[in-house]
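The block underneath contains the structure these notes are about, expressed in structure tokens.
The values are calculated or read from the model by the stated rules, or taken from the named source; none is laboratory data. Given the structure is predicted, the values throughout are model-derived calculations rather than measurements. No Cβ is skipped: glycine too gets one built from the backbone with ideal geometry, and neighbour counts run over all protein chains shown.
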């Protein structure tokens, strides 16, 4: 038994390192510069460079129709979208449903009366944005810094998020 204790300790250290300390979930991009070098696709198939949104506050949410926590937070995002309409604030609801599921995504939006703009990635951005899981939300300031990053579902229909967006837009 004494022979196995050092081996078990070593295995535990390796597991803690790779799961705990080296986990993408443990890494925050808050206050880092946002990487605008990618393209989105509208549900109609048109490409749009996110670079065109530089200088605006961006609420970017990565989600999917098959993701329960994503579906749970979407009504709150819709309400936040309605309460913060401004030329200085843009919503990028980025569906990571598989390529070719644009009709499924559009049907889901229509069925739930969501009116915020929805896009799909043209390349895998989860590694680019260091996204460990969905839903993940980024709020990017006008100066291109990540002002807020949230992994997991939350209620965005709150004074906290409304104030955050409006304050960033006023800067």
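When 107, 133 are screened for being surrounded by fewer than 19 Cβ atoms within 10 Å (Cβ to Cβ) and under 19 Å from residue 149 (Cβ atoms), only 133 passes. Applying the criterion of at least 1 residues that are without any contact (Cβ under 8 Å) to a residue 24 or more places away in the chain to the strands (runs of 3 or more DSSP E) found wholly in region 30-142 leaves 47-49.
For region 143-159, filtering for residues that are within 14 Å of residue 73 (Cβ to Cβ) and either part of a loop (DSSP other than H, G, I, E, B) or over 15 Å from the mean Cα position of the chain (by Cα) (or both) leaves 7.
Across region 88-103, the qualifying residues are those that are more than 15 Å from the chain's Cα centre (by Cα) and modelled with pLDDT of 95 or more, and the one among them that is surrounded by the fewest Cβ atoms within 10 Å (Cβ to Cβ) is 88. Would region 18-27 turn up any residue that is modelled with pLDDT under 95, in a strand (DSSP E or B) and in contact with a helix residue (DSSP H, G or I) (Cβ under 9 Å, 6 or more places away or on another chain)? No, the conditions are met nowhere in region 18-27.
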